[in-house]
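The values are calculated or read from the model by the stated rules, or taken from the named source; none is laboratory data. A quick note: this is a predicted structure, and the numbers were derived from the prediction, not measured. Every residue, glycine among them, receives a Cβ derived from its backbone with ideal geometry; neighbour counts consider all protein chains shown. Quick note on the areas: whole protein, heavy atoms, side chains included, nothing else; ligands and nucleic acids left out. Shrake-Rupley method; radii C 1.70, N 1.55, O 1.52, S 1.80 Å.
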Amino acid sequence: MIDLRDLSDEDEAVLFKWRGEPEVDRWMSDAAFPSHEAHAAWFQALRTDPDMRGWMIVRSGEPSGLLTLTGLLSHHRRAAWNWFLGSAEARGRGVGRAAQVLGLDRAFGELGLHKVFAEVMADNDAALKAQAASGFRREGYLRGHVLKNGVPRDVVLLGILAEEWRELRGTVRRSLTDAHLIAA
């Protein structure tokens with residue numbers, strides 16, 4: 001089963017390790033891999049800054065990835081969505097799709113957001129597919145928007161509104177509960 005849990009102190013080291021792995025780093029839009037000090041400061045902010053929330057994605061009780069929302073204090077009631085799977089064993093098994101469904105429930109339920117939006121590298125087919133399956137719609141395309149290792153990369157803008165999620169939620173959740181990926 002896939003679930004989201006609040007971050008714990010032990011997660012800082014796991015996330016730093018994952019962030020340094022080439023398969024994770026290649027999809028990050030950060031300019032460069034952060035120093036341990038910068039990572040620690042980011043992790044502390046993620047746990048204490050009211051403008052940010054983060055959850056560990058867990059599969060069968062084991063850490064598998066991270067899902068975050070930033071910009072929560074915007075009067076527009078929208079937030080930026082980011083996620084990744086750090087555990088290679090979690091990839092290609094529906095974990096990302098399940099985590100997003102659980103995250104959207106939190107974003108639109110618990111946090112009362114109106115919109116969630118994301119920037120995804122245009123060639124990250126797995127992430128684009130997972131987000132489309134969760135109801136995200138393509139809202140734009142930004143050419144050469146980020147520099148990754150000095151190379152311009154295109155980015156797809158995605159978004160989902162609370163009312164769209166309300167319409168899709170039952171069907172999307174049912175498919176995941178039927179597949180025994182999330183609890184009913």
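Points worth noting:
- Considering only the chain, percent of DSSP beta bridges that pair antiparallel, nearest 5: 90 percent
- Structural descriptor for the chain: relative contact order 21 percent, calculated from alpha carbon pairs under 8 angstrom and at least 6 residues apart.
- For the stretch 1-42, the convex hull spanned by the alpha carbon atoms encloses 104 Å³ per residue.
- For the chain, the alpha carbon convex hull comes to 113 Å³ per residue, rounded to a whole number.
- Phi angles of the stretch 76-91 translate, via the Karplus equation with coefficients 6.51, -1.76, 1.60 and θ = phi - 60°, into HN-Hα couplings of 7, 6, 10, 8, 7, 10, 9, 7, 7, 9, x, 7, 4, 5, 8, 6 Hz per residue; Gly and Pro are given as x.
- Percent carbon-and-sulfur accessible area, the stretch 126-184, ignoring ligands, DNA and RNA, probe 1.4 Å: 53 percent
- Our estimate of slack between residue 106 and residue 178, defined as 0.36 nm per intervening residue step minus the Cα-Cα distance, is 23.8 nm.
- Normalised per residue, the accessible area of the chain is 52 Å², obtained with a 1.4 Å probe and no contribution from ligands, DNA or RNA.
- Net charge contributed by nearby residues that have their C-beta within less than 14 Å of residue 72 (K/R +1, D/E -1): +3
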